[in-house]
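What follows is a set of notes on a single structure, which appears directly below.
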């Protein structure tokens, strides 16, 4: 959900190509930005491309094309990167999870999906300055174990300087 580039799909595909016994079925993608939707559709052809994560707590949600489709259930692994704009240290008007900002809305949409669909594993990605403790508390309140892992690309031999945090 909301990866923009579907890098989780690329990573899962690499695991498969490495010869590990790992199979997955891509149930759907979700992205609100039209240019990112176009990239996802062109590159990955997901079974369903939903438009808005805030609708995924319902039984049906709108696709990127405006159709109303049933939200798939039964997924074991959810990988999502909700909006970070309101959490950024570069934002002079930062907002929290309960404020009416884009970051809080997308996180609450994700939480609604998790609450209703109960995936076995949830991997979240966001920036280091996101309110991780509060995000963890909300996952724990849904009976998930939650912990934070800081990942810096310079530590794994990539050229891009970018620090991400997974919980």
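Taken over the stretch 75-116, the criterion of being surrounded by fewer than 19 Cβ atoms within 10 Å (Cβ to Cβ), outside any loop (DSSP other than H, G, I, E, B) and touching a strand residue (DSSP E or B) at 6+ places or on another chain (Cβ under 7 Å) is satisfied by 77 alone.
Might you let me know whether the stretch 2-21 holds any residue that is in a loop (DSSP other than H, G, I, E, B), at pLDDT 90 or above and surrounded by 18 or more Cβ atoms within 10 Å (Cβ to Cβ)? Yes, the conditions are met somewhere in the stretch 2-21. If only one of 72, 119 is assigned to a loop (DSSP other than H, G, I, E, B), in contact with a strand residue (DSSP E or B) (Cβ under 6 Å, 6 or more places away or on another chain) and at pLDDT 95 or above, which one is it? Result of the check over 72, 119: 119. Pairs linking a residue in the stretch 37-48 that is under 11 Å from residue 6 (Cβ atoms) to a residue that is assigned to a helix (DSSP H, G or I) and modelled with pLDDT of 95 or more, with Cβ atoms under 9 Å and 6 or more positions apart or on different chains, are 46/40.
The values are calculated or read from the model by the stated rules, or taken from the named source; none is laboratory data. Quick caveat: nothing in here was measured; it's all calculated off a predicted structure. A quick note on method: Cβ atoms are made from the backbone with ideal geometry, for glycine too, and the neighbour counts reach across all protein chains shown.
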